[in-house]
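Please treat every number below as a calculation from the coordinates, not as lab data. Treat the numbers as computed from the prediction; the structure is a model and nothing was measured. With ideal geometry, Cβ positions are generated from the backbone for all residues, glycine too; neighbour counts draw on all protein chains shown.
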Amino acid sequence: MRYWPAADRPGLYDRAVGTRQDVSAVPPQGGYLAKQCPVRAQQEVIRPGQPLPVPPVLAHRFADGRRFEAGVVAALMALHPGAVLVTAADRDERAAATVAAMRAGAPVIAGGRLPADLAGRRVGEPDLLVAARGPGYRAVDIKHHRCLDPGPGGLPALCAPLGRLAVEAAAADPASSARKRRDDLLQLAHYQRMLEAAGLAPPAGPLGERLGGIIGVDGVVTWYDLDAPIWQVTAPPGRARRRSTMAVYDFEFGFRLDILAVAAAHRADPGVALLVVPVRIAECAECPWWSCCGPVLAAGSGDVSLLPGVGWRAWRIHRDHGVTSRAALAALDHRTAALVAAGADLRPLTGALGSMPDGTPVRDVIGGRKRKQLGLLAAAGVRTLGDARSLSARTAAYSDQPLGSLPEQIDLARAALGPAPAYRRRGVTRVRVPRGDVEVDIDMENTADGVYLWGALVTGSPGGTDGYHPFCTWEPLAGAAEAELFARFWAWLAGLRADAAAAGLTFRAYCYNAAAENTQMRRIGAAAGLAAEVGSFTGSAAWVDLLRVFEAQLITGGPAGLKQVAALCGHAWEVADPGGGESMIWYGRAVDAGAPAAARSARDWLLAYNRGDVEATRALRAWLAASGTACPPVEDLGP
């Protein structure tokens, strides 16, 4: 998360030039505040309208999380005879019971509540408190997701078994890497500050002073160093720096306290300016205040943050240059933007216009040593100051905060406002799609516990096995069940590839946005002893990510998810409200042994939904090959 400042607010990590608010009247806040959208925190105070109800998908996710947490806590109570489960309903009683258990040296405390940190305006209820070897406790949270990935790529994995939770009992897992989940770690940092304020945190030791743990579906506690500089942040004027979780938390929590204080003052006196304004982010889809923020962002031609890929940094740069709408962004000059994105500082040229003769060589304006810039300008036909008159001064002003994606964002804005549903990217004269004699469209369905369905749609099989082939299990995804399911699917896929090769036919397998499938195949393949085979397949030309094929050649100015782009080829799903979130609800019904009729209906829904996904990729591939080239070029769209 980042924060989204109003027009007069200093930039990220620019606290020194800002003014801290008096937050003494702000009620103490939980750790969720630090990871919450700042605009949402503000809306909760000013209440600009009626918030939306909790979406069913989110409610289902919360319920799954609570069930998972209860199961882990029950297991820990059995593993640790001296563990304490705090059950008091009253908050003060729970805090008192928690402190008493800590003073008594309980090895594990579940369901506790830390003493309120009134000076820091904090309250908090960590899922677990684990005793350190020596004085003090460390916070551990229970999360219904994975914390570990196979192989390198993430943070070093420092793990301890559930029977010996303490970090002092943890060991490095060289075969895994720890996932870096910002929300999880900010929550741990909140508890760390509360433990420190209460004098209950461990002193500095050989493993560090500030450590927190997460128990995920991996079945171990993964410990994280909260002082490690693992987060890259952008500080004005655009410099990237690395910060620790503790540093990021301190800023984010402190800034939101300021937001709450100012929002309360605004509620009492509307003349007090608010600190933040809405910006579209991923969290908006499930936010109860989207009904208020959405119309604000959609007004006119729409806020620039409605464009895909325009994050906080780009939004701030656009705002700094007076570009706050898609129409204003579309009006910028693409040729000038391409020079800025390539690293050419055009400000000396636009500043010299009118004060030096037009015939002045560019070299005499910017200096002869800037060979790269001179080369870029010469390639663009800008050799004299007079040539620079064809550049856009407003677009050239972006040279003070170079934005590499500026040309792309201009095209996105033009495509979003253009009359056609899709456009060919610049330089694309013909849309091409890798094709095979034998084609298989693949899509998997999973929950936080694992993958329960691999669906494949075959076209052109030499053995006459065309059609939809689901490989699924409705049994608990525990132990070897997930690996056995994948091994069955993989053996079938390998056999199909072998049959194609024996028949002298080319083979292609397709997926839309293969990142998820690749992650799961690598993870499960490692457990099933198929890591080498999986790696060879996913790295080959036989495995095609249709999302990359689409985005490399076409542009819409809107989301490029399968549900959105499938509309281009007229594909529709058989089931109502198809979506990954909705499938989680149906999966919960599909594995409910207490309602067999409802379970059968849910399983049918999930299979139909998965079949719709693979049919959509096949339909989109055919449409791209047959009609993609007919899309107009984005170059034809002017400002």
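What is the sum of charges, Lys and Arg at +1 and Asp and Glu at -1, for the other residues whose Cβ falls under 11 Å from the Cβ of residue 362? Don't skip to the end; give the middle numbers.
Numbers: positive: 363, 370, 383; negative: 364, 387.
So the environment of residue 362 carries a net charge of +1.
Is the shape of region 438-630 rounded, prolate or oblate, going by the alpha carbon gyration tensor and its root eigenvalues a ≥ b ≥ c, with a/c under 1.5 for rounded and a/b larger than b/c for prolate?
Values: a/c = 1.67, a/b = 1.15, b/c = 1.45.
Taking the square roots of the gyration eigenvalues as a ≥ b ≥ c, region 438-630 is oblate.
Which cross-chain or sequence-distant (5 or more) residues have an amide H under 5 Å from the amide H of residue 276, H modelled 1.01 Å from N in plane?
6
Give the shape of region 307-417 as rounded, prolate or oblate, defined through the alpha-carbon gyration tensor: a ≥ b ≥ c are the square roots of its eigenvalues, a/c under 1.5 means rounded, and otherwise the shape is prolate if a/b is larger than b/c and oblate if not. Display every interim value, and only then the final one.
Working: a/c = 2.23, a/b = 2.05, b/c = 1.09.
Taking the square roots of the gyration eigenvalues as a ≥ b ≥ c, region 307-417 is prolate.
Taking a virtual spin label 7 Å from the Cα of residue 473 along the C-beta vector, which residues in region 517-561 bring their backbone nitrogen under 18 Å of it?
520-531
Sort the chain into rounded, prolate or oblate with this rule: let a ≥ b ≥ c be the square roots of the eigenvalues of the Cα gyration tensor; rounded if a/c is under 1.5, and if a/c is not under 1.5, prolate when a/b is larger than b/c, oblate otherwise.
Numbers: a/c = 1.86, a/b = 1.13, b/c = 1.65.
It comes out oblate by the Cα gyration axes.
List the residues, sorted by chain then number, that are 5 or more residues from residue 221 or on another chain and whose placed amide H is less than 5 Å from its amide H.
160, 162
Mind checking the full-extension length gain between residue 629 and residue 74? Use 0.36 nm per residue of separation minus the Cα-Cα distance, one decimal, nm. Before the final figure, lay out each step's value.
Working: separation 555, 0.36 × 555 = 199.80 nm, distance 5.91 nm.
Result for the pair: 193.9 nm of gain on full extension.
Can you spot the lysines whose alpha carbon is less than 23 Å from residue 35's alpha carbon? Ignore those fewer than 8 places along the same chain.
Excluding near neighbours in sequence, the set is 143, 180.
Amide H of residue 122 versus every other amide H placed in the peptide plane: which residues, excluding those fewer than 5 positions away on the same chain, fall under 5 Å?
Amide H neighbours of residue 122, under 5 Å, 5+ apart: 29, 117.
Going by Cα centres, region 151-175 and region 518-567 are how many Å apart?
30 Å
Work out from phi, with θ = phi - 60° and the Karplus expression 6.51 cos²θ - 1.76 cosθ + 1.60, the ³J(HN,Hα) of each residue of region 116-121, listed in order in whole Hz, and give x for Gly and Pro.
Each residue of region 116-121 in turn: 4, 9, 5, 5, x, 6 Hz.
Over the chain, what is the percentage of antiparallel beta bridges among all DSSP beta bridges, to the nearest 5? Display every interim value, and only then the final one.
Numbers: 49 of 64 bridges.
Taking every DSSP beta bridge within the chain, about 75 percent pair in antiparallel fashion.
What residues from region 596-639 fall in the zone where the backbone N is under 19 Å from a label point 7 Å along the Cα-to-C-beta line of residue 430?
621-634
Tell me, what is the FRET efficiency for residue 47 and residue 118 to the nearest 0.05, using R0 = 41 angstrom and their Cβ-Cβ distance as r? Can you show the working numbers first?
Numbers: r = 25 Å, r/R0 = 0.62.
The formula returns an efficiency of 0.95 here.
Rounded to whole Å, give me the distance from the Cα center of region 305-330 to that of region 358-432.
After rounding, the separation between the Cα centres reads 18 Å.
Along the Cα-to-C-beta direction of residue 286, a point sits 7 Å from the Cα; which residues of region 565-607 have their amide N less than 11 Å from that point?
581-582
Mind checking which helices in the chain clear 27 Å along their axis (Cα) and have mean Kyte-Doolittle hydropathy of 0.5 or more, DSSP H runs only?
Working: long enough: 56-79 (35 Å, 0.67); 245-268 (35 Å, 0.69); 481-502 (32 Å, 0.52); 596-627 (45 Å, -0.20).
Answer set is 56-79, 245-268, 481-502.
For region 448-454, in order, what is each residue's ³J(HN,Hα) by Karplus, 6.51 cos²θ - 1.76 cosθ + 1.60 with θ = phi - 60°, in whole Hz (x at glycine and Pro)?
After applying 6.51 cos²θ - 1.76 cosθ + 1.60, I find 5, 7, x, 8, 10, 8, 10 Hz.
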